[in-house]
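These notes concern the structure reproduced below.
The values are calculated or read from the model by the stated rules, or taken from the named source; none is laboratory data. This structure is a prediction, so every number in the text was calculated from the model and none was measured. When we count neighbours, we look across all protein chains shown, and the Cβ atoms used for this are built from the backbone with ideal geometry, even at glycine. Calculation scope for accessible area: heavy atoms of the full protein, side chains included, ligands and nucleic acids excluded. Shrake-Rupley method; radii C 1.70, N 1.55, O 1.52, S 1.80 Å.
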Amino acid sequence: MTESVKPALREMRWWDIDAVLGMEKDLFPEDAWSRGMFWSELAHARGAEATRRYVVAVEGVRVVGYAGLAAQGELADIQTIAVARDHWGTGLGRLLLAELLRAATAFECAEVMLECRVDNVRAQKLYERFGFEPIGFRRGYYQPGNVDALVMRLTDPSASTSVRGTENNG
């Protein structure tokens with residue numbers, strides 16, 4: 001019998017991009033990020049002037065999740081959160097989101113925004129459990145599929161780093 005390994009979070013680095021791109025293509029085939037987009041984000045994630053926080057969840061040597069946040073002034077924006085299909089429902093989404101909210105707090109952001117596909121109810125429920133509230137829509141935001149985005153906002157991320165409720169839906 002093999003012992004299960006719990007995913008560990010660590011800073012995303014350039015050598016993680018290939019694994020992350022594989023997950024992107026699997027999970028978001030129509031609107032996957034490009035290699036250049038990840039390189040650009042990671043370029044702003046290190047040093048004294050860093051405005052980004054990107055993490056990967058690794059299980060052994062396999063990347064099973066990733067997430068990223070951009071901060072500017074008092075506003076943070078969740079750029080991406082993804083969990084490998086075989087890890088859905090394990091709480092990994094909650095772990096990744098909590099890490100991004102800790103980063104927003106460290107960046108001294110008073111508010112966190114995000115866009116979520118209107119058809120991604122699973123993610124919307126996760127965000128709501130952390131206190132995010134819907135505030136509007138962006139029509140045709142996800143291209144080329146022309147899918148609308150639900151815009152959500154969280155005020156005071158420092159108070160929302162733990163999930164509300166008991167569902168295991170991450």
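Have a look at E30, E41 and point out the one that is charged (D, E, K, R) and assigned to a loop (DSSP other than H, G, I, E, B). Full working, then the answer.
On the way: E41 fails: assigned to a loop (DSSP other than H, G, I, E, B).
None of the others qualify; the one that does is E30.
For residues that are in contact with a strand residue (DSSP E or B) (Cβ under 8 Å, 6 or more places away or on another chain) and more than 24 Å from L150 (Cα to Cα), scanning just region 60-85, find the one that is most open to solvent (accessible area, probe 1.4 Å).
Initially, region 60-85 is screened for residues in contact with a strand residue (DSSP E or B) (Cβ under 8 Å, 6 or more places away or on another chain), giving 63-71, 74-84.
The next check asks that each one be more than 24 Å from L150 (Cα to Cα); those that pass are 63-64.
On the way: V63: 16, V64: 0 Å².
It comes out as V63.
Kindly provide the set of residues from region 73-128 that are of a type in the set (S, T, N, Q) and over 18 Å from Y141 (Cβ atoms), ordered by number.
Of the residues in region 73-128, the ones of a type in the set (S, T, N, Q) are 79-80, 90, 105, 120, 124.
Matches in region 73-128: T90, T105.
Check region 125-136 and report whether any residue there is more than 16 Å from the chain's Cα centre (by Cα) and assigned to a helix (DSSP H, G or I). Outline the logic, then answer.
Let us first name the residues in region 125-136 that are more than 16 Å from the chain's Cα centre (by Cα), namely 133-136.
Keeping just the survivors that are assigned to a helix (DSSP H, G or I) gives none.
The answer is no, given that none of the residues of region 125-136 is more than 16 Å from the chain's Cα centre (by Cα) and assigned to a helix (DSSP H, G or I).
Which one is farthest from Q72 (Cα to Cα), of the residues in region 16-54 that are open to solvent by less than 50 Å² (accessible area, probe 1.4 Å) and of a type in the set (S, T, Y)?
Only one residue fits best here, namely Y54.
Considering only region 143-151, I want to know if a residue exists there that is aliphatic (A, V, I, L, M), open to solvent by less than 30 Å² (accessible area, probe 1.4 Å) and under 14 Å from the mean Cα position of the chain (by Cα). Walk me through it before giving the result.
Initially, region 143-151 is screened for residues aliphatic (A, V, I, L, M), giving 147, 149-151.
Add one more test, that the residue is open to solvent by less than 30 Å² (accessible area, probe 1.4 Å), and what stays is 147, 149-151.
Restricting the remaining residues to those that are under 14 Å from the mean Cα position of the chain (by Cα) gives none.
There is no residue in region 143-151 that is aliphatic (A, V, I, L, M), open to solvent by less than 30 Å² (accessible area, probe 1.4 Å) and under 14 Å from the mean Cα position of the chain (by Cα).
When region 94-124 is examined, which residues are found to be assigned to a strand (DSSP E or B) and in contact with an Asp or Glu (Cβ under 6 Å, 6 or more places away or on another chain)?
Taking region 94-124 and keeping what is assigned to a strand (DSSP E or B), we get 111-117.
M113 - this is the single residue of region 94-124 that is assigned to a strand (DSSP E or B) and in contact with an Asp or Glu (Cβ under 6 Å, 6 or more places away or on another chain).
Cβ-Cβ below 8 Å, separation at least six or inter-chain, first residue in region 138-163 and modelled with pLDDT under 80, second open to solvent by 90 Å² or more (accessible area, probe 1.4 Å) and among the charged types (D, E, K, R): which pairs?
Hits for this filter: T161/R102.
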